[in-house]
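This report concerns only the one structure given below.
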Amino acid sequence: MTLTISDTAMTSDRSHCTARYAPDRNGWEVSWLPGRLLDRNTAITAMTLADTAEHDLHDRHELLPHVESWAEELGLTALEAIARASQPPSVTDPEQEPASRHPSREAAD
């Protein structure tokens, strides 16, 4: 798992989820938490959870206590966080939907 974190964006080599700094809102927007504005540390927690959601987590998995703690920081249960973070981009972030789902204006003309 590698998170790449800059002053304006966060990406992962494991997850499709992303985070971006929204200067007009003075906070971070995470793709799997649409509508929520987070501080930088909480956005990192959300991205860590998204990476962890890619594991096959079960009730005795060694990462589960961490997942529960990270999810609590976001006001979610571990199950809610894993379910949301593991959804395809088109479900969690309409801006990340594949272009093929959006007919182009030229096609409509």
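Bear in mind that the values in this text are calculations on the coordinates, not laboratory data. Since this is a predicted model, take the numbers as computed values, not measurements. Here the Cβ positions follow ideal geometry from the backbone for every residue, glycine too, while neighbour counts run over all protein chains shown.
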Gyration tensor (Cα only) of segment 3-93 to equivalent ellipsoid, semi-axes in Å sorted down, yields 21, 13, 12
In nm, give the distance between the simple-model label positions of Glu73 and Asp7, each being 7 Å from the Cα along the Cα-to-Cβ direction.
2.4
If we count other beta carbons within 10 Å of each Cβ, what is the order of Thr2, Thr52, fewest first?
Thr2, Thr52
